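The values are calculated or read from the model by the stated rules, or taken from the named source; none is laboratory data. This is a predicted model, so every value here is computed, not measured. Cβ placement follows ideal geometry from the backbone for every residue including glycine, while neighbour counts extend to all protein chains displayed.
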Amino acid sequence: MADERKPAAECENMDEVRREIDRVDARLVELLAERFSYVDRAWQLKQGTSEGATVPWRIQQVIDKVRGRAEEHGLPPALAEALWRQMIGWFIQYEEERMRDDDGAAGR
């Protein structure tokens with residue numbers, strides 16, 4: 001029953017709060033790993049196309065959606081945007097490195 005959620009308002013002490021934070025963190029890591037798998041596939045599909053790792057319209061689309069969802073869930077949109085911009089920046093760097101490495105390997 002470790003996956004059972006206890007609402008924050010029902011936590012009676014810091015041990016319960018920390019247990020719930022750990023539960024949420026575990027889910028976040030799983031979701032980030034899933035997102036990473038799609039980013040890893042994206043750079044492969046972009047090879048041989050004119051589309052690079054940075055796609056400004058898509059970045060803005062993702063940010064707009066995240067801000068809207070954050071607001072719906074009571075999360076400050078600015079916090080969500082900051083986190084996603086950091087994550088997107090890391091993923092773009094990862095894609096660029098993989099695409100560059102793959103281009104170098106193909107040229108050998």
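Identify the residue in segment 17-48 that is more than 15 Å from the chain's Cα centre (by Cα) and of a type in the set (A, V, I, L, M, F, W, C) and, among all such residues, is surrounded by the most Cβ atoms within 10 Å (Cβ to Cβ). Of everything passing the filter in segment 17-48, W43 is surrounded by the most Cβ atoms within 10 Å (Cβ to Cβ). Picking from residues in segment 52-108 that are surrounded by 11 or more Cβ atoms within 10 Å (Cβ to Cβ) and among the aromatic types (F, W, Y), the one that is farthest from A42 (Cα to Cα) is W84. A Cβ distance below 9 Å, combined with a sequence gap of six or more or placement on separate chains, defines the contacts here; from segment 5-34, residues that are closer than 20 Å to Q86 by Cβ reach residues that are basic (K, R) in the pairs V24/R5. Residue check: is E12 part of a loop (DSSP other than H, G, I, E, B), farther than 28 Å from Y94 by Cα and modelled with pLDDT of 95 or more? Spelling it out, E12 is indeed part of a loop (DSSP other than H, G, I, E, B), farther than 28 Å from Y94 by Cα and modelled with pLDDT of 95 or more.
Somewhere in segment 52-70, is a residue part of a loop (DSSP other than H, G, I, E, B), on the phi > 0 side of the Ramachandran plot and not hydrophobic (A, V, I, L, M, F, W, C)? Checking segment 52-70: not a single residue is part of a loop (DSSP other than H, G, I, E, B), on the phi > 0 side of the Ramachandran plot and not hydrophobic (A, V, I, L, M, F, W, C).
Of all residues in segment 71-104, those that are assigned to a helix (DSSP H, G or I) and farther than 22 Å from Y38 by Cα total 6. Quick test of your reading of the structure: E51 fulfils all but one of (1) under 22 Å from the mean Cα position of the chain (by Cα); (2) modelled with pLDDT of 95 or more. Name the failing condition by number. Only one criterion in (1) under 22 Å from the mean Cα position of the chain (by Cα); (2) modelled with pLDDT of 95 or more is unmet by E51, namely (2). Residue pairs whose Cβ atoms lie under 9 Å apart, separated by 6 or more positions or on different chains, with the first residue in segment 93-105 and closer than 9 Å to A53 by Cβ and of a type outside the set (D, E) and the second outside any helix (DSSP H, G or I) and at pLDDT 90 or above, are Q93/A53; Y94/A53; R98/A53; M99/G52; M99/A53. Scanning segment 35-51 for residues that are within 25 Å of L83 (Cβ to Cβ) and either in contact with a strand residue (DSSP E or B) (Cβ under 8 Å, 6 or more places away or on another chain) or of a type in the set (A, V, I, L, M) (or both) gives V39, A42.
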